[in-house]
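Have a look at this one before I ask anything.
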Amino acid sequence: MSTVTSEGTQTHGESAKPIEAIESAIVRFVGDSGDGMQLAGTQFTTTSAVFGNDIATFPDYPAEIRAPAGTLAGVSGFQINFSSRDIHTPGDKVSALMAMNPAALKANIADLEDGGLLIVNVDEFSVPNLKRAHYESNPLDSDAFDRYRVYKIPITKHTFEAVKETGLSTKDASRCKNFYALGVAFWLYDRPLETTLAWINQKFAKVPAVAQANTLALKAGYHFGETAEIFTVRYRIPRAKLAPGKYRNLTGNQATALGLIAAARLAGKPLFYGSYPITPASDILHELSLHKNFDVRTFQAEDEIAAMCSVIGAAYAGAIAVTGTSGPGMALKQEAIGLAMITEVPCLIINAQRGGPSTGLPTKTEQADLWQAIIGRNGECPVPVLAARSASDCFSAAIEAIRVAVKYMTPVILLSDGFIASGSEPWRIPDAADLEKIEIKHADDAETFQPYERNAAGSRPWAIPGTLGLQHRLGGLEKADVTGDVCYDPDNHQHMIELRARKVQNVANDIGDQEVFGEPSGDLLVASWGGTFGAVWSAVQRAQAEGHKVSHMHLRWLLPMPKNTGAILKRFKKILVCELNMGQLQFVLGGHFAIESEGLHKVQGRPFMIGEIHEKIVQVLGGQTP
Amino acid sequence: MSAIDTPLKPKDFKSDQEVRWCPGCGDYSILSQMQKVLADVGAEKHNTVFVSGIGCSSRFPYYMDTYGFHGIHGRAASIATGVKIANPDLTVWVITGDGDGLSIGGNHFIHTIRRNIDLKIVLFNNRIYGLTKGQYSPTSEVGKKTRSTPFGSIDNPIHPIAVALGVEVTFVARCVDVDVKNMISVLKRAAAHKGTAFVEVYQNCNVYNHMAFAYASDKKTKDDHVLYLEHGKPMIFGKERDKGIRLNGTMPEVVDLGSGISQDDLLIHDEKAAEPTLAYLLSRMRYPDFPEPMGVFRALEAPTYEAVLMNQIEEATRQKGKGNLNELFGAGDTWEVN
């Protein structure tokens, strides 16, 4: 939420309007799917990031590519929280809502804070458009919005006027509206135009008329803010005091892709990525397919099962082998993950979770695939499971997952979710030289080789086809210990199941102790996992600041859990598990550690808000602030 | 370990595992011929991988002293695709059956073939589910009575060669399990092909579908029911080599040679025809109306999936240089915090 700081107001450059310095602001662009809101949001994000703010974004778009124009079903939005301090979420309440039509207004107005800026494209508030949004009369004419600062701007008309000289068709000219709106937002928050102008010139280099039109629209929006009499104030969010270094804005999917390329390089191996397009994981495939000069071999399979099986083959043949998917695809892959597990080939399965069950809410976030990851296969089939906690964390989580996969010769499941997969935040760019090598020693001694002989970690050797004298056969039938021959012996089956389970438990030797944020004991431990980290940690910090004896435990590793997890849980009087499902981690913790806990369960396809977690914390603690 | 400079013998390709097919199963012959063919073509054990799915045929890799992967039902081609992309230098064979490859694995069958990735797919067609004890398969004939179709199958069968041609297979051939000479010749051609090679083997399941292909395997009758394809040669068959295939309009017909009809009137086999029309026509010739073609239906040269993929990687590397992680990390809009 934006708050006025003691720096007060100041004037900037040639601008005659006062500039108020604030700590942070949350802007949301909303419009039709075809209005270019994702683009406007991304550009605002990049500019703010390059300017030096801490940022967190939340793209929120419908599953339909182009739902009928002007309808509620077609509303697409992009929210950016940009701040001069450390932030962890895209924010709860919006400080400025830029609504391109009545449907977008209707679908989003509830999230605008009291006193917030509501900027509407008044040209689109026609009777038919109001009707499509199920408004009986024009809400802008009523007193319903008195608690907001409403700015009615004829964005469509202004855009047409601004781009007239380019000679673009009405349709093409209309598509520049998002840049006009972006220009207004840039003026309002005192952002430089250079980054976006450079982007426009690069992106539309081959269509100069479009580049020119977008440039004109952007500048027209900016100048409108300056010259029109309607805005009385503008805002500035100073640079954030992030840790020193070079930064870049990344989505979780981009960070995942970079982590995978880095891991393969650290291991000195080609990267094989076999995948089938699915929202919201496809961007990993898109990103990886750009980087063939890193010996990245992408394979768009005919289906999810083929993708997983190709990964098994590639892993057997010695590549760093990875697939990415989302819930429904994960369900299809499970039999093959079982095959990877029993054949003990190293590979990684990334699940960018989305709303389920079935097709569910394809473009919305959820964390309801934890059980699917931990217990979703036939037979006794544990595989290591970890979850990234933010967009930029996907980078290191991907590397860590590969490290575990090749050391323990096992499939590993990395959970992300729609929120962090598509959302972005600043990433402090590491120096590649600081990344630890991934050591791989393939079997090479034909005299002593046994396919299922185990090392100290409990892993069998990785012997790859092409190695002289190590011919062996893997498969889904149970294998005899050491020799790997097909074996139906009852005692051997029990023994092998135990060996495989123990191996997965051994991963706990590599993942360190579980951290607790806050005091090591107290009245309440809030437990969370995955992409909810930012919201939960922010809420816990707020409760701590109020004097509550509350701490936060955010699990990165779900299987196995760090060895001290049970001990931590027993040091708190109460446990609250916050997750975007109906209590899956809560159930797992109860099963592992025989503890009672309360849960905060949200399954609305949206991330947590800090406020609702904070409210629950206070409620669990008896409703009183110390 | 055998030294690579000593030519390998068929027995060198036998693994130490006990073969567990039913006595009399057609699979034994295919296993033997494969071992002979690999020895004959100078295959290297350590550079050869057999991948299979699930079913009787899919136990095959366990019996070969090469690298092997016994997969899950229907997915052999997908596993093999991963192997080949990860290491294009390997020779990769896929062993599958009519249930594994055409029913549960039908999707992978067509997509693998259309990519022309260099895999040699050998499909053991016995027109029955053997391992699950006798249900009808996708190649079973209409009316077939099995444990799951006591009143006769009402499914129309799938014809694998026609399907493969439909997705532009670059090499397709057929042979019969007991016809050793023809099988060896077909498998050698498949081994030499660059791209997806698909071989259908008529294989006898002597427990659940005995004599299903007797017309094509019985020495007494097969010459009248089988047409051996030879590139550039007229299509002649019959014990006395007195019958041929002639084109009548767009339909093939069986004709007797001699009574005013000469070899010049017959269809000439052309396995290299750019269009798959002739091969498709051959795939439609079925017992009892026609002799069933054996041998190579189609053999074309075309770029393989893995070669094009590796070319793209080489080209990208040539243009951009070998990937540098720091450049990758720092690409796009960046900013410094001091």
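Considering only the range A:584-626, how many residues are part of a loop (DSSP other than H, G, I, E, B) and under 21 Å from residue A:389 (Cα atoms)?
So the count comes out to 8.
Something else: Return the pairs, sorted by first residue and then second, in which the second residue is of a type in the set (Phe, Trp, Tyr), the first residue lies in the range A:557-581 and is without any contact (Cβ under 8 Å) to a residue 40 or more places away in the chain, the beta carbons are less than 6 Å apart, and the residues are 6+ apart or on different chains.
Close Cβ pairs (under 6 Å, with a partner that is of a type in the set (Phe, Trp, Tyr)) amount to A:566/A:593.
In addition: Select from the range A:332-363 the residues that are among the charged types (D, E, K, R) and part of a helix (DSSP H, G or I) and write down the one among them that is nearest to the other protein chains (Cβ to nearest Cβ). First the steps, then the outcome.
First, the residues of the range A:332-363 that are among the charged types (D, E, K, R): A:333, A:335, A:344, A:354.
From what is left, the residues that are part of a helix (DSSP H, G or I) are A:333, A:335.
On the way: A:333: 11, A:335: 6 Å.
Taking the candidates together, the pick is A:335.
Only one of these is within 13 Å of chain B (Cβ to nearest Cβ), buried (at least 18 other Cβ atoms within 10 Å of the Cβ), free of Cβ contacts under 8 Å to residues at least 40 places away in the same chain and on the phi > 0 side of the Ramachandran plot: A:518, A:469, A:484. Name it.
Values: A:518 fails: within 13 Å of chain B (Cβ to nearest Cβ); A:469 fails: buried (at least 18 other Cβ atoms within 10 Å of the Cβ).
A:484 is the lone residue from the list that is within 13 Å of chain B (Cβ to nearest Cβ), buried (at least 18 other Cβ atoms within 10 Å of the Cβ), free of Cβ contacts under 8 Å to residues at least 40 places away in the same chain and on the phi > 0 side of the Ramachandran plot.
From the set of residues in the range A:252-275 that are surrounded by fewer than 24 Cβ atoms within 10 Å (Cβ to Cβ) and away from chain B (no Cβ under 11 Å), which is nearest to the chain's Cα centre (by Cα)?
Step by step, filter the range A:252-275, then rank; the result is A:267.
Now a separate question. Only one of these conditions is not met by residue B:22: (1) more than 9 Å from chain A (Cβ to nearest Cβ); (2) in a helix (DSSP H, G or I); (3) under 23 Å from residue A:487 (Cβ atoms). Which number is it?
It is condition (2) that residue B:22 fails.
State whether the residues of the range A:311-324 include one that is within 30 Å of residue B:321 (Cβ to Cβ), more than 11 Å from chain B (Cβ to nearest Cβ), touching a residue at least 60 places away in the same chain (Cβ under 8 Å) and not in a strand (DSSP E or B).
For the range A:311-324, residues within 30 Å of residue B:321 (Cβ to Cβ), more than 11 Å from chain B (Cβ to nearest Cβ), touching a residue at least 60 places away in the same chain (Cβ under 8 Å) and not in a strand (DSSP E or B): absent.
Something else: Looking at the range B:280-338 only, could you name the residues that are assigned to a helix (DSSP H, G or I) and aliphatic (A, V, I, L, M)?
The answer is B:281, B:282, B:307, B:308, B:309, B:310, B:313, B:316, B:325, B:328.
OK, next. Across the range B:1-53, what is the number of residues that are surrounded by 15 or more Cβ atoms within 10 Å (Cβ to Cβ) and of a type in the set (A, V, I, L, M)?
Looking only at that region, the number is 10.
This table checks each residue for (1) in contact with a strand residue (DSSP E or B) (Cβ under 7 Å, 6 or more places away or on another chain); (2) crowded, with 19+ Cβ neighbours inside 10 Å; (3) at pLDDT 95 or above; (4) assigned to a helix (DSSP H, G or I).
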position: A:130; (1), (2), (3), (4): no, yes, yes, yes
position: A:140; (1), (2), (3), (4): yes, no, no, yes
position: A:144; (1), (2), (3), (4): no, no, no, no
position: A:147; (1), (2), (3), (4): yes, no, no, no
position: A:197; (1), (2), (3), (4): no, no, yes, yes
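Of the residues A:559, A:600, which is within 18 Å of residue A:374 (Cβ to Cβ) and not assigned by TED's automatic domain parsing to the domain that holds residue A:388?
Within the list A:559, A:600, the selection yields A:559.
I need the full set of residues from the range A:439-454 which are in contact with a Gly (Cβ under 8 Å, 6 or more places away or on another chain) and either crowded, with 20+ Cβ neighbours inside 10 Å or away from chain B (no Cβ under 11 Å) (or both), in order please.
A:440, A:442, A:450, A:451, A:452
Further, regarding this structure: Is the range B:287-306 home to any residue that is surrounded by fewer than 18 Cβ atoms within 10 Å (Cβ to Cβ), without any contact (Cβ under 8 Å) to a residue 40 or more places away in the chain, under 25 Å from the mean Cα position of the chain (by Cα) and more than 14 Å from every other protein chain (Cβ to nearest Cβ)?
Taking every residue of the range B:287-306 in turn, at least one turns out to be surrounded by fewer than 18 Cβ atoms within 10 Å (Cβ to Cβ), without any contact (Cβ under 8 Å) to a residue 40 or more places away in the chain, under 25 Å from the mean Cα position of the chain (by Cα) and more than 14 Å from every other protein chain (Cβ to nearest Cβ).
Can you confirm whether the range A:455-464 contains a residue that is within 13 Å of chain B (Cβ to nearest Cβ), farther than 30 Å from residue A:530 by Cβ and hydrophobic (A, V, I, L, M, F, W, C)?
Looking for residues that are within 13 Å of chain B (Cβ to nearest Cβ), farther than 30 Å from residue A:530 by Cβ and hydrophobic (A, V, I, L, M, F, W, C), one finds at least one in the range A:455-464, hence yes.
Separate question: Restricting the search to the range B:98-121, which residues are among the acidic types (Asp, Glu) and touching an Asp or Glu at 6+ places or on another chain (Cβ under 8 Å)?
Passing the criteria: only B:118.
If you go through the range B:181-191 one residue at a time, do you hit one that is crowded, with 19+ Cβ neighbours inside 10 Å, free of Cβ contacts under 8 Å to residues at least 60 places away in the same chain and either on the phi > 0 side of the Ramachandran plot or not acidic (Asp, Glu) (or both)?
No, there is no match, as no residue in the range B:181-191 is crowded, with 19+ Cβ neighbours inside 10 Å, free of Cβ contacts under 8 Å to residues at least 60 places away in the same chain and either on the phi > 0 side of the Ramachandran plot or not acidic (Asp, Glu) (or both).
Pairs please, first residue from the range B:259-270 and touching a residue at least 40 places away in the same chain (Cβ under 8 Å), second anywhere and part of a loop (DSSP other than H, G, I, E, B), Cβ atoms under 7 Å, 6+ apart in sequence or on different chains.
These pairs meet every condition: B:269/B:229; B:269/B:230; B:269/B:231; B:269/B:232; B:269/B:233; B:269/B:235.
Which of the residues that make up the range A:526-550 are in a helix (DSSP H, G or I) and without any contact (Cβ under 8 Å) to a residue 60 or more places away in the chain?
A:541, A:544, A:545
Here's the yes/no breakdown for (1) closer than 22 Å to residue A:151 by Cα; (2) crowded, with 24+ Cβ neighbours inside 10 Å; (3) at pLDDT below 95:
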position: A:35; (1), (2), (3): yes, yes, yes
position: A:81; (1), (2), (3): yes, yes, no
position: A:85; (1), (2), (3): no, no, yes
position: A:97; (1), (2), (3): yes, yes, no
position: A:103; (1), (2), (3): yes, yes, no
position: A:122; (1), (2), (3): yes, no, no
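Under 9 Å between Cβ atoms, which residue pairs at least 6 apart in sequence (or on different chains) link something in the range A:282-309 that is at positive phi with a partner that is in a helix (DSSP H, G or I)?
The qualifying pairs are A:295/A:264; A:295/A:265; A:295/B:313; A:295/B:317.
Would you pick out the residues in the range B:52-87 that are without any contact (Cβ under 8 Å) to a residue 12 or more places away in the chain and either more than 7 Å from chain A (Cβ to nearest Cβ) or not in a loop (DSSP other than H, G, I, E, B) (or both)?
Residues of the range B:52-87 without any contact (Cβ under 8 Å) to a residue 12 or more places away in the chain: B:82, B:86-87.
B:82, B:86 - these are the residues of the range B:52-87 that are without any contact (Cβ under 8 Å) to a residue 12 or more places away in the chain and either more than 7 Å from chain A (Cβ to nearest Cβ) or not in a loop (DSSP other than H, G, I, E, B) (or both).
Same structure, new question: With within 24 Å of residue A:441 (Cα to Cα) and not in a helix (DSSP H, G or I) as the only criterion, which of A:499, A:474 stands out?
Answer to the selection: A:474.
Please specify each residue of the range A:105-115 satisfying the condition of being in contact (Cβ under 8 Å) with a residue 24 or more places away in the chain, surrounded by fewer than 24 Cβ atoms within 10 Å (Cβ to Cβ) and part of a helix (DSSP H, G or I). Break it down stepwise before answering.
If we filter the range A:105-115 for residues that are in contact (Cβ under 8 Å) with a residue 24 or more places away in the chain, which is where we start, we get A:105-109, A:111-115.
Going one step further and asking which of them are surrounded by fewer than 24 Cβ atoms within 10 Å (Cβ to Cβ), we end up with A:106-109, A:111-115.
Result: A:106, A:107, A:108, A:109, A:111.
Kindly list, by first and then second residue, each pair from a residue in the range A:441-453 that is over 10 Å from residue A:463 (Cβ atoms) and at pLDDT 95 or above to a residue that is of a type in the set (Phe, Trp, Tyr) and part of a loop (DSSP other than H, G, I, E, B), limited to pairs with Cβ atoms under 9 Å and residues at least 6 apart or on different chains.
A:441/A:462
The values are calculated or read from the model by the stated rules, or taken from the named source; none is laboratory data. Computed from a prediction, not measured in an experiment: that's the story for all the values here. Positions of Cβ are backbone-derived with ideal geometry, glycine not excepted, and every protein chain shown enters the neighbour counts.
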